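One structure below.
We did not get these values from a lab; they are worked out from the coordinates using the rules stated. Keep in mind that what you see is a predicted model, and the values were worked out from it rather than measured. Cβ sites come from the backbone with ideal geometry, for glycine too, and all protein chains shown count toward neighbours.
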Amino acid sequence: MKKLFIVANWKSNKTRLEAREWLQQFVKRDFQVPQGKEVIVCPPYHLLPFIKDYLLEYIAEIKLGAQDVSSFPSGSYTGQINATQVKEFAEYAIVGHSERRKYFSETDEMLEEKVKMALSQDLTPIFCVQGKETKIPSGVTVVAYEPIAAIGTGNPDTPEDAEEVAVVIKQKNPQVKAVLYGGSVTADNVNSFTNVSVIDGVLVGGASLDAKKFVGIVGNA
Ligand code: PGA
């Protein structure tokens, strides 16, 4: 059976109090992630230490990821969080989300550096692509296909389109082990994507902010 990645991307949402409320609903003591599924929560940086402590206390097998990582090492780069710092709390880092490309002018060259930095610290980049032509840096093993028109719109791509893109990505990039789908994923549509043999999970934005909805997604995936 394939392993499914279910990734929550909280984007720029939630205070510590709101994160605590979410965790209280999502995580019960000795919380068991269903077999064959890897649940990865990617909160804003400032919540990583708090959530890590909470998960340790509740012995919850949930993994943590950052939503980005600096393309620079530690040093005089005001405002940046580097891969060594992320690695203290997380095992994954989303790299190249279309919002980073659009609002923060991230280029293919910068993203290549980010991937290198992540890999140098044993962080697994979850590299976002917007289509089958998006450049994938070497060393990337987990890709999230996130068509822009499907993000936050309530109009997901079709499983058939996502399947076609996943096939091409895997053919062109033999090092890629997992291709996830992202864009308006809900508890109702998640298994139409995860049932596709070449799709290895989902990256969830809006619906991951509500713990109950996310429980539904994890259950139905
Ligand atoms: P969405 O976002 O689930 O709100 O469409 C997905 C994403 O941007 O990661």
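Taking θ as phi - 60° and the Karplus parameters 6.51, -1.76 and 1.60, the scalar couplings of the range 68-80 work out to 5, 7, 5, 7, 10, x, 5, x, 7, 9, 3, x, 8 Hz in sequence order, x denoting glycine and proline. Classify the range 53-102: rounded, prolate or oblate, from the alpha-carbon gyration tensor (a ≥ b ≥ c, eigenvalue square roots; a/c under 1.5 rounded; otherwise prolate if a/b is larger than b/c)? Note, shape of the range 53-102 comes out oblate.
Global dimensions of the range 1-49 from alpha-carbon coordinates: Rg and Dmax equal 12.3, 38 Å. Across the range 153-168, coupling constants 3J(HN,Hα) worked out from phi with the 6.51/-1.76/1.60 Karplus curve, θ = phi - 60°, read 9, x, 10, x, 5, 7, x, 5, 4, 4, 4, 4, 5, 4, 4, 5 Hz, and Gly and Pro carry x.
Rounded if a/c is under 1.5, else prolate if a/b beats b/c, else oblate: with a ≥ b ≥ c from the C-alpha gyration tensor eigenvalues square-rooted, which is the range 1-142? Taking the square roots of the gyration eigenvalues as a ≥ b ≥ c, the range 1-142 is prolate. For the range 77-150, a/c is not less than 1.5, where a ≥ b ≥ c are the root eigenvalues of the C-alpha gyration tensor, and a/b tops b/c. That puts it in the prolate class. When every Cα-Cα distance of the range 15-98 is counted in 5 angstrom steps from zero, the calculated P(r) takes the values 3, 14, 24, 22, 18, 11, 6, 3, 0 percent.
If you count, for each residue, the other Cβ atoms within 10 Å and average over each peptide, how do 71-78, 44-51 line up from highest to lowest?
Values: 71-78: 11.5, 44-51: 17.4.
Descending mean neighbour count gives 44-51, 71-78.
Output the relative contact order of the chain, whole-number percent, from Cα pairs under 8 angstrom with separation of 6+ residues.
20
What FRET efficiency comes out for the pair ASN195/PHE72, r = Cβ-Cβ distance, R0 = 35 Å, nearest 0.05? Efficiency for this residue pair is about 0.30.
Put simply, the amide H of ALA93, placed in the peptide plane, has neighbours under 5 Å in ALA66, THR124, ILE126, leaving out anything fewer than 5 places away on its chain.
Here, the range 152-221 has an Rg and a Dmax of 12.2, 37 Å when only alpha carbons are counted. Placing dummy labels 7 Å off each Cα toward the beta-carbon, the span from LYS52 to LYS213 is 2.9 nm. The share of Cα pairs per 5 Å bin across the range 70-221, counted from zero up to the longest distance, runs 2, 10, 18, 20, 20, 15, 10, 3, 1, 0 percent. For LYS3, the lysines whose Cα comes closer than 18 Å to its Cα, not counting residues fewer than 8 places off in the same chain, are LYS37, LYS63, LYS170, LYS177.
For the chain, what does -39500 (n - 2.57) per DSSP helix run (n ≥ 4), summed and divided by total residues, give at 222 nm, in deg cm²/dmol to the nearest 500?
-9500 deg cm²/dmol
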